[in-house]
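Just so it is clear, none of the values below were taken in a lab; they were calculated from the coordinates. Keep in mind that what you see is a predicted model, and the values were worked out from it rather than measured. Here the Cβ is made from the backbone with ideal geometry for all residues, glycine too, and neighbour counts use every protein chain on show.
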Amino acid sequence: MDKMTVKEAAPYIGSSEYKLREMVRGNEVPHYRIGNKIMFRKTTLDDWITQQESKSLSR
């Protein structure tokens, strides 16, 4: 399954649902909406995680 809801994506990235929703509001994590529903693609989250790791290593 490539599409995830907040409830599914939060544990996948190691976050709480509340924190993930905050990150969505701040445009800190890639997402899309279907109506009011916040959705994530697993492959996009994987890429985002890789970018976050790279940023932390280059500091």
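Observations on the structure shown:
- Among the listed values (1) 29; (2) 42; (3) 38, the one computed from these coordinates for percent of Cα pairs over 18 Å apart is (1).
- Applied to the stretch 44-57, the Karplus parametrisation 6.51 cos²θ - 1.76 cosθ + 1.60 on θ = phi - 60° returns per-residue 3J(HN,Hα) values of 5, 5, 4, 5, 4, 4, 4, 5, 5, 5, 4, 4, 5, 7 Hz, with x for Gly and Pro.
- Neighbours of Asp47, meaning other residues whose beta-carbon lies under 12 angstrom from its beta-carbon, give a summed charge of 0 when Lys and Arg score +1 and Asp and Glu score -1.
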